[in-house]
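Accompanying notes for the structure given below.
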Amino acid sequence: MKPASLGIRPGTRNFPVLVAALLLFLTTGSSPAADFPAGSAPAATDNAAATDNAAATDNAVATDNVVATDNVAATDNAVATDNVAGPVAPTVDNGWVDRTHSRVERDLFDTVVWFDRFFGDNRMVVTERPESYLRWTNELRWDEEEHFSFRSTLRASLSLPRLEKRWHLIVSSESRGDPNAILPEDPGNPGLDIGSRGRKGSTELVYDMFRTARSILDVGAGVRLKIPPDAFVRTRFQHARPVTPNTLGRFTAIAYWDALDGPGESNQLDLERWLAPPTLLRWSNSITITEISRWWTWGTELSLLHKFSPKSAITFAGGASGSTHPSWVATNYRILARYRRNVWRKWLFLEGEPDIHWPMKEDGSRKPVWGATLRVEILFTGTRPDPRDDGGSGP
């Protein structure tokens, strides 16, 4: 049946229609609130008929859910009367455009978080992580220059629940740096240095000044594990925000001071484009300056990440790194493919990574160097106990 028009036109033909509509309204007992979605309450207006002169009846029962508005006692089950003016519908952001945008944004964040967790990318901290984790990685590498070499790294983050739930103990160690890395893993952390040829380690106590779903600001102080030990302090800010419906931007700024190397500062910008639910395109850029070098070192890398299953994924990446002294010339180019798979147990991962890089020689010439790396990683994760539980005393 075609709905009646709400417009009122002059003439007596409309009078029977209005009378019939009023009778239908009274006999069915419907109310304007029926047009609202479930769980929505009509807005109270100043035109409600209940006034100071309204007489309270014996059947009126006061409940805890009553909200006083002007002179009307409004309850969740209040039924609109004939004298209540039609409520104003609230603005609801539920159009298909808004729903599509929210779904894409949620899927984009979920995809980024999954790849960060699966590949153990510690440069990205504005993601949902376990309270405590430990990653122990061992790799065997062969290339045309160094032939066979072995490298081991350890990275642990332990939450301290007894200290206001904001303190973390970070332990980092590596047997040697990765000279072929395009981007630094953790700028300002002396326990992880891509230029190091010897064993290094550090312990750091980090305090989260504030943390939201998209931003984090923390400060930390620690010592380099050596004799005699060297102290360092640093602060880090990171913010993530959708740039477009399918693109996420993440900015990281780190300022630090090391008792041995002096002050330094590092900035990183990552743009991540969601191509499909299992595929992500990431462009990472980093620029760092230290008192020792007194010039900027930079790196840029473009990578394509694809998820085959919850237990396997692959990355294709290419990038360049260099410094601003004596000029903006790349000192190394690198192309790689990394396949990672979860095997046997949920905490055991295997990686295979063939690569080729073009380092600059002292005379300015370049020669391609082929190589391949096999990695084995053991992951431990955990959540902190409820501080109200007397049985839990540690992370």
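The values are calculated or read from the model by the stated rules, or taken from the named source; none is laboratory data. Since this is a predicted model, take the numbers as computed values, not measurements. Cβ atoms come from the backbone with ideal geometry, glycine included; neighbour counts cover every protein chain shown.
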In this structure, does Ala221 turn out to be over 30 Å from Ala372 (Cβ atoms), aliphatic (A, V, I, L, M) and in a strand (DSSP E or B)? yes
Residue check: is Ala213 surrounded by fewer than 20 Cβ atoms within 10 Å (Cβ to Cβ), hydrophobic (A, V, I, L, M, F, W, C), farther than 29 Å from Glu174 by Cα and in contact with an Asp or Glu (Cβ under 9 Å, 6 or more places away or on another chain)? yes
What pairs come out if I take residues in region 342-360 that are under 30 Å from Ser323 (Cβ atoms) and in contact (Cβ under 8 Å) with a residue 40 or more places away in the chain and pair them with residues that are of a type in the set (Phe, Trp, Tyr) and surrounded by fewer than 13 Cβ atoms within 10 Å (Cβ to Cβ) whose C-beta lies under 8 Å away, six or more apart or interchain? Asp355/Trp370
I need the full set of residues from region 225-239 which are within 19 Å of Leu192 (Cβ to Cβ), of a type outside the set (Phe, Trp, Tyr) and modelled with pLDDT of 90 or more, in order please. Ala231, Val233, Arg234, Thr235, Arg236, Gln238
I need the strands (runs of 3 or more DSSP E) fully contained in region 315-395, keeping only those with at least 1 residues that are modelled with pLDDT under 90 and more than 30 Å from Ser293 (Cα to Cα). 369-382
Scan (1) crowded, with 17+ Cβ neighbours inside 10 Å; (2) of a type in the set (A, V, I, L, M); (3) modelled with pLDDT of 80 or more for the single condition Leu160 breaks and write down its number. (3)
Inspect all residues belonging to region 277-294 and state whether any of them is buried (at least 17 other Cβ atoms within 10 Å of the Cβ), under 16 Å from the mean Cα position of the chain (by Cα) and over 24 Å from Leu217 (Cα atoms). yes
Starting from region 174-196, take each residue that is among the hydroxyl-bearing types (Ser, Thr, Tyr) and list its partners that are surrounded by fewer than 24 Cβ atoms within 10 Å (Cβ to Cβ), counting only C-beta distances under 8 angstrom and pairs at least six apart or across chains. Ser175/Phe150; Ser175/Arg151; Ser175/Ser152; Ser175/Thr153; Ser175/Arg199; Ser196/Glu174; Ser196/Arg176; Ser196/Gly177
Assuming Thr300 fulfils every condition listed in (1) free of Cβ contacts under 8 Å to residues at least 60 places away in the same chain; (2) hydroxyl-bearing (Ser, Thr, Tyr); (3) closer than 18 Å to Pro179 by Cα; (4) assigned to a strand (DSSP E or B) apart from one, which condition is it? (1)
Residues located in region 126-145, provided they are at pLDDT below 90 and either touching a Phe, Trp or Tyr at 6+ places or on another chain (Cβ under 7 Å) or outside any strand (DSSP E or B) (or both): Val126, Thr127, Glu128, Arg129, Pro130, Glu131, Tyr133, Leu134, Glu145
